1. Which of the residues spanning segment A:202-214 are at the interface with chain B (Cβ under 9 Å from one of its Cβ atoms) and either free of Cβ contacts under 8 Å to residues at least 40 places away in the same chain or under 30 Å from A:Tyr147 (Cβ atoms) (or both)?
2. Among the residues of segment A:177-190, is there at least one that is buried (at least 18 other Cβ atoms within 10 Å of the Cβ), small (Gly, Ala, Ser), away from chain B (no Cβ under 14 Å) and within 30 Å of A:Arg359 (Cα to Cα)?
3. Among the helices (runs of 4 or more DSSP H) confined wholly to segment A:62-160, which include 3 or more residues that are closer than 20 Å to A:Asp171 by Cβ and either in the same structural domain as A:Gln36 (by TED's automatic domain parsing) or touching a Ser or Thr at 6+ places or on another chain (Cβ under 8 Å) (or both)?
4. So which residues in segment B:38-63 are within 11 Å of ligand 1 (Cβ to nearest atom) and either surrounded by 14 or more Cβ atoms within 10 Å (Cβ to Cβ) or within 14 Å of another protein chain (Cβ to nearest Cβ) (or both), if there are any at all?
5. Based on what the data block shows, is B:Gly32 over 15 Å from the mean Cα position of the chain (by Cα), within 13 Å of ligand 1 (Cβ to nearest atom) and small (Gly, Ala, Ser)?
6. Starting from residues that are more than 9 Å from ligand 1 (Cβ to nearest atom) and among the small types (Gly, Ala, Ser), keep the ones in segment B:64-80 and report whichever is farthest from the other protein chains (Cβ to nearest Cβ).
7. Looking at A:Phe173, A:Phe222 in this structure, which one is facing another protein chain (nearest Cβ under 9 Å) and either crowded, with 20+ Cβ neighbours inside 10 Å or modelled with pLDDT of 95 or more (or both)?
8. Of the conditions (1) within 21 Å of A:Asp26 (Cα to Cα); (2) touching a residue at least 12 places away in the same chain (Cβ under 8 Å); (3) more than 22 Å from the chain's Cα centre (by Cα), A:Ala192 clears all except one; give me its number.
Amino acid sequence: MASVRTARLLTGSEAVANAMRQIDPDVVPIYPITPQTPIIERFTRFVADGETSTEIVNVESEHSAMSAAVGSALAGARTMTATSSQGLALMVEVIYIAAGMRAPIVMAVGNRALSAPINIHGDHSDGYLARDSGAIQLFAENAQEAYDLMVMAPRIAEHPDVLLPVLVGQDGFTITHSAEPVELLPDEAVRAFVGEYRIPAPLLDLSAPRSQGMFAMPDYYFELRHQIAAAMERAREVIEEVAAEYEELSGRRLSALEEYRLEDAERALVCMGSTAGTVKDVVDELRAEGERVGLLEVRSFRPLPIERIRAACSGCSEVAVLDRADTPGGVGALHAECAAILCGSRARVRGHVYGLGGRDLSPAEIRAVFAGAAPRYVGLRSAS
Amino acid sequence: MAGLRPWEELPIGGAVEPDPALRPRTGGWRTGLRPQVDLDGCVNCLLCWVYCPDSAIRVVDGAFAGFDLDLCKGCEICAAVCPAETIAMVADDG
Ligand code: SF4
Ligand code: SF4
C-alpha cells in the first residue's frame with residue numbers, strides 16, 4: 001500500500017490523461033469528440049511538454065484512429081486511444097477487427113448517447129453498440145475508478161491469455177467533466193506495474209515474418225472467432241489477478257463485480273457506471289430504515305461475471321436490473337442477461353431503462369425501483 | 001471436415017507463418033499482359049519492388065533482377081511507377 005496518499009482534485013478526463021501519461025504508451029492515434037476531448041487535450045499537453053515519449057497520430061476520423069491503432073499495436077507498440085458516442089460507433093467496425101487480430105489496444109471511452117437527436121450527454125448506448133465486438137469493456141463508477149481501471153487495463157489487455165482490446169468507460173460529463181478527489185500512484189509505480197509491452201507475434205519482428213489479417217472460409221472462421229470467446233473466459237481470472245495485484249499497490253480493489261451490502265439482501269439492484277454511486281447512498285438510507293436491500297455493481301460488462309452474479313443474487317427474491325441504453329423491440333441487454341443467469345433461481349428479475357441522453361436518475365426514483373413501483377422506463381415523461 | 005485443425009491449435013489471431021512448400025502461384029491468374037524490362041534504362045531504384053503487390057520483382061544482391069512470372073499477375077503497377085519508364089507491358093504468350 002502506498003505510504004503517502006495525496007488526493008488531487010481532478011475530473012475523470014484529467015485522471016485518465018494522467019494514467020496515460022504515467023503509462024507512457026508508444027502510440028496514440030486520436031480524433032477528438034465530446035465528452036472525450038478533455039482526455040486527449042490534457043494528454044497531448046503532457047506529450048508537448050515532454051512528459052511522455054508518445055507518438056500522437058492525428059487522424060481524420062475515429063475509423064482511422066482505430067485502424068492506425070490496430071496496425072501499431074500489432075507492429076509491437078503499446079497503443080492507446082479514446083473516444084465517445086458517434087466516434088465509438090464509427091470505430092466499431094474496426095474494433096471487431098482489433099479483437100479478431102488480437103490487438104491489445106487500450107481505449108478510454110467517455111460514454112455518451114448516440115444520435116439522433118444529437119446529444120452530448122452520458123448514457124451507455126455507445127458501449128452497448130460495441131458489446132459483441134470481442135473487446136473487454138469496463139465501466140467506472142467515478143473519476144478514481146476511471147484512473148484505476150486505466151492503469152489496470154494494459155495488464156489485462158496484454159496478458160498472454162487475453163490479448164484483446166480493453167475499453168474503459170466513464171459516464172460522459174457526470175464523470176468526464178466533474179472534478180473530485182483522485183489519488184494518483186507515483187509515476188514509477190505505474191510504470192513498474194504495467195511493465196514492457198510484449199505480444200507473441202509483432203509484425204516488425206523480421207526474424208519471424210507472418211501474414212496477419214488472414215481470410216478465413218467456413219472451414220476456419222468459426223474456430224478463429226471462437227478464440228475471442230475463449231480469451232474472454234480466461235480474462236475473468238486475469239481481471240481478478242490484476243485487481244488483486246493493483247490492490248496491493250493502491251489499497252483499492254476493483255473487481256469485475258462489486259457487491260454492496262448484499263449479504264442478507266432480499267432485494268438487489270444491478271447497474272453500471274456512475275449510477276452505482278447514487279444507488280449506494282440510497283441503499284444506505286434504506287438499510288437505516290430497516291430494509292434488506294443491496295447493490296450489484298457490474299464493473300466488467302464484457303466479460304460479464306456470470307457465475308458471480310448468480311452467486312451474489314442467490315439469496316434475493318427480487319432483482320431489478322437498470323440498463324442505461326434501450327433495446328427497441330427487445331429486452332434491455334443487461335436485464336436479459338441477468339434474467340438468463342438467474343433463470344431457475346428464486347429471484348424475480350425486473351428490468352428498467354433509464355438515464356438516456358444524460359437524464360438524471362434521482363434517489364426517489366431509485367427508491368421506487370427498489371419498491372417495485374417504478375415503470376419500465378424510469379424518468380420518461382409520458383401522457384399515459 | 002476431417003483433417004481440419006481444432007480451434008485450440010490455431011495460431012493466435014490467425015497469424016500465419018509462411019510455408020515455402022505451399023508457395024502460391026498467383027501468376028496462374030495473369031491478365032494476358034506481362035512486364036518486360038529494358039535493363040539499359042533501369043536506374044535500380046527498386047520502386048517496382050516496393051509497389052508490386054505480389055512480390056514478383058526479383059532482387060539479387062540489392063539489384064533489380066527481373067520478374068518472377070510464377071507470381072506476377074500482370075497488374076501493370078510496376079510499369080506505371082517505374083520513373084525510368086523502362087518497363088513495358090507485352091502480350092503474355094505463355
Ligand atoms: S505487373 Fe504487377 S504483379 Fe507483375 S511484376 Fe508488375 S507490379 Fe508485380
Ligand atoms: S522501377 Fe524501373 S528503374 Fe526502378 S528498379 Fe524497377 S525497373 Fe529499374
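The values are calculated or read from the model by the stated rules, or taken from the named source; none is laboratory data. The model shown is predicted, which means the values in this text are computed figures rather than measured ones. Note that we place each Cβ from the backbone using ideal geometry, even for glycine, and neighbour counts take in every protein chain shown.
1. Those that are at the interface with chain B (Cβ under 9 Å from one of its Cβ atoms) and either free of Cβ contacts under 8 Å to residues at least 40 places away in the same chain or under 30 Å from A:Tyr147 (Cβ atoms) (or both): A:Ala208, A:Pro209, A:Arg210, A:Ser211, A:Met214.
2. Within segment A:177-190, not a single residue is buried (at least 18 other Cβ atoms within 10 Å of the Cβ), small (Gly, Ala, Ser), away from chain B (no Cβ under 14 Å) and within 30 Å of A:Arg359 (Cα to Cα).
3. Working: elements: A:62-75, A:85-100, A:125-129, A:143-157.
Counting at least 3 such residues, we get A:85-100, A:125-129, A:143-157.
4. Result: B:Leu47, B:Cys48, B:Trp49, B:Tyr51, B:Cys52, B:Pro53, B:Asp54, B:Ser55, B:Ala56, B:Ile57.
5. Working: over 15 Å from the mean Cα position of the chain (by Cα): yes; within 13 Å of ligand 1 (Cβ to nearest atom): yes; small (Gly, Ala, Ser): yes.
Taking the combined requirement at face value, the residue satisfies it.
6. Start the filter on segment B:64-80 by keeping residues that are more than 9 Å from ligand 1 (Cβ to nearest atom), which leaves B:64-66, B:70.
Now narrow it down to the ones that are among the small types (Gly, Ala, Ser): B:65-66.
Values: B:Ala65: 21, B:Gly66: 23 Å.
Going through the qualifying residues, I end up with B:Gly66.
7. Numbers: A:Phe173 fails: facing another protein chain (nearest Cβ under 9 Å).
Just a single option satisfies the conditions, and that option is A:Phe222.
8. (2)
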